[in-house]
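Okay, so here's the structure we're looking at.
The values are calculated or read from the model by the stated rules, or taken from the named source; none is laboratory data. For clarity, every value in this text was computed on a predicted model and none was experimentally measured. Please note: Cβ atoms are built from the backbone with ideal geometry, for glycine as well, and neighbour counts cover all protein chains shown. Side chains included, ligands, DNA and RNA excluded: accessible areas come from the protein's heavy atoms. Shrake-Rupley method; radii C 1.70, N 1.55, O 1.52, S 1.80 Å.
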Amino acid sequence: MVESVPLSWRLQRQRYNLIGTRCATCDERFFPPRNFCPSCRRKGKIEPFQFSGRGSVESFTVIRVAPSGFESQTPYAVGIIKLDEGTSISGQIVGDVTRVEMGKRVRPVFRRIREDGKEGVIHYGVKWALEG
Amino acid sequence: MNVAVVGGGATKMGEHWTQSLRDLSTEAGAKALQDAGIEGKDIEALFIGTMSSGRFIGQEHLGALAVDEAGLTPIPATRCEGACASGSLAFRKAYLAIRSGEYDIVMAAGGEKMTDIKGPEAISALMGAGDQEWESSAGLTFSGLYAMMARAYMKRYGLTREELALVPIKNHFHGLKNPLAQFQFPVTVKQVMESALIADPLRLLDCSPITDGAAAVILVSDRVAKRFKNPMWILGSGQASDTLALHNRKSLTEIPSSRIAAEKAYAQAGVSPGKIDVAEVHDCFSIEEILAYEDLGFAERGKGKDLLVNKETYVGGRLPVNTDGGLKLGHPVGATGIKQIIEIMRQLRGDAYTQVKGARIGLAHNIGGSGATALVHIFGTEPGGRHG
Ligand SMILES: [Zn+2]
């Protein structure tokens with residue numbers, strides 16, 4: 001499916017700068033950002049929180065049969081990245097797919113995420129690269 | 001108020017290029033009416049599950065479409081959506097509608113027409129059940145999400161790739177006698193291991209197929225149940241939710257919504273996991289059947305594979321699971337939950353294609369997405385449980 005321009009635009013702060021949120025009441029960190037703390041509920045105080053994007057591979061897979069928009073990229077690795085500042089996020093892991101392992105350290109890199117056809121928008125955002 | 005299932009029917013699971021979703025839904029509905037021995041005019045309301053008819057065939061408003069096509073207007077018709085659990089969601093809504101006292105005879109149905117669009121489009125449509133902003137944008141697929149659970153589970157509990165292959169081997173074996181199954185061939189460990197990698201470590205034979213199909217059942221109140229032979233009683237019904245995205249879960253080696261839905265259903269039914277004679281569990285990908293054994297209380301954490309190694313979940317074993325072949329042999333997402341309930345109904349009344357001898361209590365487990373929605377239903381040959 002084509003990703004809409006407004007959606008991509010709305011997510012810029014998250015995708016380009018890794019800005020999530022934090023609940024000042026309980027210190028839980030949210031990425032992607034939540035505007036409501038599920039634990040503190042009405043007592044929660046949400047504020048912006050800058051993630052470094054560094055973390056480790058909690059689990060991963062190598063996609064060989066892709067959804068539309070990603071067919072030309074196969075095989076590509078996708079993982080759940082456990083971020084150092086707390087919480088986890090799904091993301092592509094760039095580079096040699098045979099080098100990815102659970103527990104390996106990763107850092108964020110800014111990359112092209114997908115293209116919506118020849119005429120369409122090119123979406124950019126964060127992916128992850130193995131450290132070292 | 002007790003509620004019973006008194007009939008059901010499904011289409012063949014497969015690629016039905018010559019049949020539309022209307023054709024399939026009408027066929028399933030007609031089979032269910034015939035099985036129950038009633039007529040369309042006896043139905044007071046319809047609940048129908050479909051996950052993504054809009055993405056698959058451009059058609060929404062499935063409730064109206066189904067009653068229109070079946071000639072059942074003007075009865076109320078409601079579409080229910082909970083991704084791959086849409087079918088059981090429709091079933092639970094029908095059950096609750098009867099319990100409310102509003103109706104005595106209700107049809108719960110489900111249908112999906114998935115093969116009209118190309119493979120990558122279908123994979124993308126199914127990802128509508130995940131988190132669009134972060135999972136889909138990373139190029140994830142449902143096989144990819146379950147692959148990450150499989151890898152985490154294999155590392156944590158030492159499950160081998162060969163042991164994981166025991167799930168499709170069992171389910172293909174069970175499906176051999178099911179004429180409605182999408183595939184009817186046995187598979188070996190070697191065939192599973194040599195089938196194409198889809199999302200490491202999951203291979204083609206670990207994945208449920210893209211399927212067209214529909215299924216329907218008739219639910220009735222205890223006020224009218226005596227008119228029917230072989231009613232299957234609903235003893236318990238549980239539903240639970242979790243985070244939409246897999247990355248927001250505390251653990252990748254369990255589906256808490258399955259466990260919570262099961263606890264609710266067991267408590268309402270007043271039965272323990274050990275009392276279940278036959279079960280249908282949501283084996284969308286091989287790993288999920290093993291997670292389900294543990295989430296439903298059939299095995300301890302990390303020990304789910306033992307039920308396969310010791311053949312306890314084969315027909316003839318202690319607790320046969322997916323006796324019709326499960327989702328491996330057809331997963332028309334909106335219809336799946338109803339298809340599972342039909343198999344339990346056949347088992348409890350004794351006319352299943354592969355019969356479990358003397359089955360009296362059965363369980364059906366259906367989940368949506370990577371476990372953001374889960375439903376568990378428990379059934380018995382005799383009424384029971386707490387239904388206020
Ligand atoms: Zn908080």
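Any chance you could run the full-extension gain for B:E15 through B:R301? It's 0.36 nm times the residue separation minus the Cα-Cα distance, nm to one decimal.
Working: separation 286, 0.36 × 286 = 102.96 nm, distance 3.72 nm.
Result for the pair: 99.2 nm of gain on full extension.
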For this session: Return the whole-Å distance between the Cα centroid of region B:97-113 and the Cα centroid of region B:169-224.
Result: 26
Exercise. What distance in nm separates the simple spin-label points at B:R161 and A:C40, each placed 7 Å from Cα in the Cβ direction?
Worked result: 4.7
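Which of the GluC sites (Glu not before Pro) across region B:36-117 are loop residues per DSSP, with 11 or fewer other Cβ within 10 Å?
Details: sites: B:E39, B:E44, B:E60, B:E69, B:E81, B:E102, B:E112; in loops: B:E39, B:E44, B:E60, B:E81, B:E102.
Within region B:36-117, the qualifying GluC sites (Glu not before Pro) (loop, at most 11 other Cβ atoms within 10 Å) are B:E39.
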Exercise. How crowded by other chains is A:73-79, given as the mean number of beta carbons from other chains within 10 Å of each beta carbon?
Worked result: 4
Seminar exercise, completed: So for region B:270-387, using the alpha carbon gyration tensor with a ≥ b ≥ c as root eigenvalues (a/c under 1.5 gives rounded; past that, a/b versus b/c decides prolate or oblate), I'd call it rounded
Exercise. Roughly what would the spin-label model give for A:T98 and B:K311, points 7 Å off Cα along C-beta, in nm?
Worked result: 4.0
For this session: Could you list, in their original order, any pairs among A:K104/B:K170; B:K155/B:K177; B:K229/B:K305; A:K82/B:K339; B:K305/B:K339; B:K12/B:K311 whose Cα atoms are separated by more than 32 Å?
Result: A:K104/B:K170; B:K155/B:K177; B:K229/B:K305; A:K82/B:K339
For this session: Obtain the nm distance between the two label points defined at B:S251 and A:E71 by a simple spin-label model: each point lies 7 Å from its Cα along the Cα-to-C-beta direction.
Result: 4.0
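Grab the other residues whose beta carbon is less than 15 angstrom from that of B:G9, score K and R as +1, D and E as -1, and report the net. Don't skip to the answer; put the middle values down first.
Details: positive: B:K12, B:K31, B:K339, B:R346, B:R349; negative: B:D23, B:E27, B:D35, B:E39, B:D324, B:E343, B:D351.
Net local charge, B:G9 excluded: -2.
Which order do you get for A:E28, A:E58 if you rank them by accessible area with a 1.4 Å probe, largest at the top?
Details: A:E28 80, A:E58 45 Å².
Final ranking, largest accessible area leading: A:E28, A:E58.
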Exercise. Taking N as the number of residues in the protein assembly as shown, what is its alpha-carbon radius of gyration divided by 2.2 N^0.38 Å?
Worked result: 0.96
Seminar exercise, completed: Taking the alpha-carbon centre of each part, the distance from region B:236-278 to region B:286-346 in Å is 14
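Which value at 222 nm does chain B reach when only helices count, each DSSP H run of 4 or more adding -39,500 (n - 2.57), with the total divided by all residues and rounded to the nearest 500 deg cm²/dmol? If you can, show how the numbers build up before the last one.
Numbers: 13 runs with 131 residues, N = 388.
Only helices count here, giving -10000 deg cm²/dmol.
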Problem set entry | Longest site-free stretch - chain A; sites: trypsin sites (Lys or Arg not before Pro), DSSP loop, at most 11 other Cβ within 10 Å | A:46-117
Exercise. Relative to the first principal axis of the alpha-carbon coordinates of chain B, what is the inclination of helix B:336-349, with its axis defined by its Cα atoms, in degrees from 0 to 90 and to the nearest 10?
Worked result: 70
